[in-house]
Amino acid sequence: MEKYNLKIDGNDYEVEINIDQNIAEVLVNGKWYKVEIEKKGDKPVVNKIIKQETPKQAPQAPKPVDVVSKPIDKDALEVVKSPLPGNIIDVLVSVGETVKKDDIIIVIEAMKMENNIIATSDGIVRAILATPGKTVMVGDPLLKIEKTKSN
């Protein structure tokens, strides 16, 4: 099994490939595919995908928004940043939602493990900057929380 890191349309993919005669088993970000290949000269060419593991339907990705019904206290605005590189699996909050300190707000997959990102303070979600399927790096902004006065 050979491992590769690929960038396709700006998205990073970790790929493992195992070739047995004219069938390749390909693991792409945790999903297995069987691919029929043939050789044209000395180069392998993908002929067709024989079997594809049916991926779960991706949740509807929220668009980054910054819409609120009242003015935001800019001094109380906190930007939650990614503590590690990975792929956004789920955003568990929505704009305008009240969160408490230690609430799980986002799930990031890194090195085949799901990591919970938690709110560091009580507040109201004012902007969501992360979308499921997006690759993030350390320090990338994920969302903005307006801290409540009790903090």
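The values are calculated or read from the model by the stated rules, or taken from the named source; none is laboratory data. Just so it is clear, the structure is predicted and the values come from calculations on it, not from any experiment. As a convention, Cβ positions derive from the backbone with ideal geometry for all residues, glycine included, and neighbour counts pool all protein chains shown.
Regarding the stretch 74-82, can at least one residue be identified that is assigned to a loop (DSSP other than H, G, I, E, B), modelled with pLDDT of 65 or more and closer than 19 Å to residue 133 by Cβ?
Checked against the condition, which is being assigned to a loop (DSSP other than H, G, I, E, B), modelled with pLDDT of 65 or more and closer than 19 Å to residue 133 by Cβ, the stretch 74-82 yields at least one hit.
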key: In the stretch 4-22, the residues that are in a loop (DSSP other than H, G, I, E, B) and either farther than 16 Å from residue 134 by Cα or of a type in the set (Phe, Trp, Tyr) (or both)   = 21, 22
Those residues of the stretch 104-133 which are among the small types (Gly, Ala, Ser), over 13 Å from the mean Cα position of the chain (by Cα) and either part of a strand (DSSP E or B) or at pLDDT below 90 (or both), in sequence order = 121, 123, 127
